[in-house]
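Asks: Before anything else, here's the structure in question.
The values are calculated or read from the model by the stated rules, or taken from the named source; none is laboratory data. A quick note: this is a predicted structure, and the numbers were derived from the prediction, not measured. Glycine gets a Cβ as well: all are built from the backbone with ideal geometry, and neighbour counts include every protein chain shown.
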Amino acid sequence: MASTAPTGSCTPSTTASNGTAPAAAPTTPQQQQPPKRKEIYKYEAPWNVYAMNWSVRPDKKFRLAVGSFIEEYSNKVQVIQLDEESGEFAKLCEIDHPYPSTKVMWIPDQKGTYPDLVATSGDFLRIWQLYPDGNIRMECFLNNNKNSDFCAPLTSFDWNEVEPNLLGTSSIDTTCTIWGIETGQIIGQVTPSVVGSVKTQLIAHDKEVYDIAFSRAGGGKDMFASVGADGSVRMFDLRHLEHSTIIYEDNQHQPLLRLAWNKQDPNYLATFALDSTEVIILDVRMPCTPVARLNNHRACVNGMAWAPHSACHICTAGDDHQALIWDIQQMPRAIEDPILAYSSEGAINQIQWASTQPDWIAICFGKAVEILRL
């Protein structure tokens, strides 16, 4: 996914269906070059893919979790792993999941000190553990509606990178819940190794809450933001929950669907509204007024991901089949064009930038998952 021009693109038409370069004419030994590294690897799931996330464990390079989007009760989550030698993905395990998972996320444990955990949200928050023998088992079922026969579906969640014992969930019941989990030694196969409890629950918005994300500011443990159907971005501090700060409100009160914090500079975050073709960048030091608008998409935006290694780069993707990478370092001057564009074969509904491998991005469209080398 490289470009020699500021707005260049690499498209699947330049590669074979498996992501390799077209076959070349035979060469003499003097002309032979080392095999060209693949730029694109593709996995075809048996169902439409929505939720997707990279593993961050250093010993599990190119491992992802992907969740199905099937419009019925029975859904799936698969753990897949790329074999770089063969260029093929292997399915490591598959779990039955009630309803489509709205998000899937691996524990942010780059040192491998915690159990190998992955969480999913949907009707409830579930935490699963992968075992060395390839089995996967649900270790923790987190339900905050114990007095009701009905659950308020969870729209999203975030796993705190600084304190992996904290997770935050967002729900259509206008609340955000911060969960504390504890991991312990496994004592027999019937004893869960993970337990969770509610640390706090708060009414975060006037309407449904659609996303939540922890900030790295102030030590990275206490600050988080949320967006929702009331069209606002709100910031919270777990140490002072008696009030929140509204840092942006959509002029038309359109629902805001997602938010993402800059990985290197906690002053910046990005969000986008329902059916919007633009992503807005906010600076918490100057609330209410966007410092940039990224608006080259020709159909609604579905996802965005900040670079893990750079404060100046963000990738956006949408229904126009485009994944665009932007350089925002000239803010507050207008940012007119992306520096890189990739055209997929379908509407992109999810994008993830690998935190431990910053030269790789994953997208999904239809039944396909593609990982792209930058």
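Asks: What single numbered condition from (1) assigned to a loop (DSSP other than H, G, I, E, B); (2) over 21 Å from the mean Cα position of the chain (by Cα); (3) surrounded by fewer than 16 Cβ atoms within 10 Å (Cβ to Cβ); (4) touching a residue at least 24 places away in the same chain (Cβ under 8 Å) fails to hold for H240?
Replies: (4)
Asks: For the range 117-178, which fully contained strands (runs of 3 or more DSSP E) count at least 1 residues that are of a type in the set (F, W, Y) and either modelled with pLDDT under 95 or in contact with a helix residue (DSSP H, G or I) (Cβ under 7 Å, 6 or more places away or on another chain) (or both)?
Replies: 136-142
Asks: Among the residues that make up the range 338-353, is at least one of them assigned to a loop (DSSP other than H, G, I, E, B), closer than 30 Å to A204 by Cα, in contact with a strand residue (DSSP E or B) (Cβ under 7 Å, 6 or more places away or on another chain) and among the hydrophobic types (A, V, I, L, M, F, W, C)?
Replies: Within the range 338-353 (the criterion being assigned to a loop (DSSP other than H, G, I, E, B), closer than 30 Å to A204 by Cα, in contact with a strand residue (DSSP E or B) (Cβ under 7 Å, 6 or more places away or on another chain) and among the hydrophobic types (A, V, I, L, M, F, W, C)), the answer is yes, since at least one residue qualifies.
Asks: Are any residues in the range 275-309 touching a Lys or Arg at 6+ places or on another chain (Cβ under 8 Å), part of a loop (DSSP other than H, G, I, E, B) and either in contact (Cβ under 8 Å) with a residue 24 or more places away in the chain or on the phi > 0 side of the Ramachandran plot (or both), and if so, which ones?
Replies: Matches in the range 275-309: T277, A307, P308, H309.
Asks: Could you run through the range 127-151 and say how many residues are over 24 Å from T356 (Cβ atoms) and under 22 Å from the mean Cα position of the chain (by Cα)?
Replies: So the answer is 4.
Asks: Same structure, new question: Going through K91, K103 one at a time, which residue ends up being surrounded by 21 or more Cβ atoms within 10 Å (Cβ to Cβ), in contact (Cβ under 8 Å) with a residue 12 or more places away in the chain and charged (D, E, K, R)?
Replies: Checking each option against the conditions leaves just K103.
Asks: Related question: Output yes when any residue across the range 312-323 is touching a residue at least 12 places away in the same chain (Cβ under 8 Å), touching a helix residue (DSSP H, G or I) at 6+ places or on another chain (Cβ under 9 Å) and in a loop (DSSP other than H, G, I, E, B), and no when none is.
Replies: No: zero hits.
Asks: Continuing with the same structure: Against the definition (within 22 Å of V79 (Cβ to Cβ) and more than 14 Å from the chain's Cα centre (by Cα)), how does L372 come out, yes or no?
Replies: yes
Asks: May I ask you to list the residues in the range 231-274 that are among the aromatic types (F, W, Y) and either more than 11 Å from S215 (Cβ to Cβ) or in contact with a Ser or Thr (Cβ under 8 Å, 6 or more places away or on another chain) (or both)?
Replies: F236, Y248, W261, F272
Asks: So which residues in the range 155-172 are under 16 Å from S197 (Cα atoms) and either without any contact (Cβ under 8 Å) to a residue 40 or more places away in the chain or not polar (S, T, N, Q) (or both), if there are any at all?
Replies: Result: F157, D158, W159, E163, P164, N165, L166, L167, G168.
Asks: Report the residue count in the range 262-290 for those that are more than 19 Å from the chain's Cα centre (by Cα) and over 23 Å from Q322 (Cβ atoms).
Replies: 8
Matching residues to (1) of a type outside the set (G, A, S); (2) within 28 Å of E182 (Cβ to Cβ):
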residue: A65; (1), (2): no, yes
residue: Q78; (1), (2): yes, yes
residue: K91; (1), (2): yes, no
residue: S101; (1), (2): no, yes
residue: K111; (1), (2): yes, yes
residue: G122; (1), (2): no, yes
residue: P132; (1), (2): yes, yes
residue: N135; (1), (2): yes, yes
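Asks: Against the definition (touching a residue at least 24 places away in the same chain (Cβ under 8 Å), under 22 Å from V291 (Cβ atoms) and in a strand (DSSP E or B)), how does L257 come out, yes or no?
Replies: Judged against the criteria, L257 is a match.
Asks: In the range 253-308, what residues are among the charged types (D, E, K, R) and either closer than 16 Å to A334 by Cβ or surrounded by fewer than 18 Cβ atoms within 10 Å (Cβ to Cβ) (or both)?
Replies: Within the range 253-308, D265, D275, E278, D283, R285, R293, R298 meet the criteria.
Asks: Among the residues of the range 217-231, is there at least one that is among the hydroxyl-bearing types (S, T, Y) and within 29 Å of S343 (Cα to Cα)?
Replies: no
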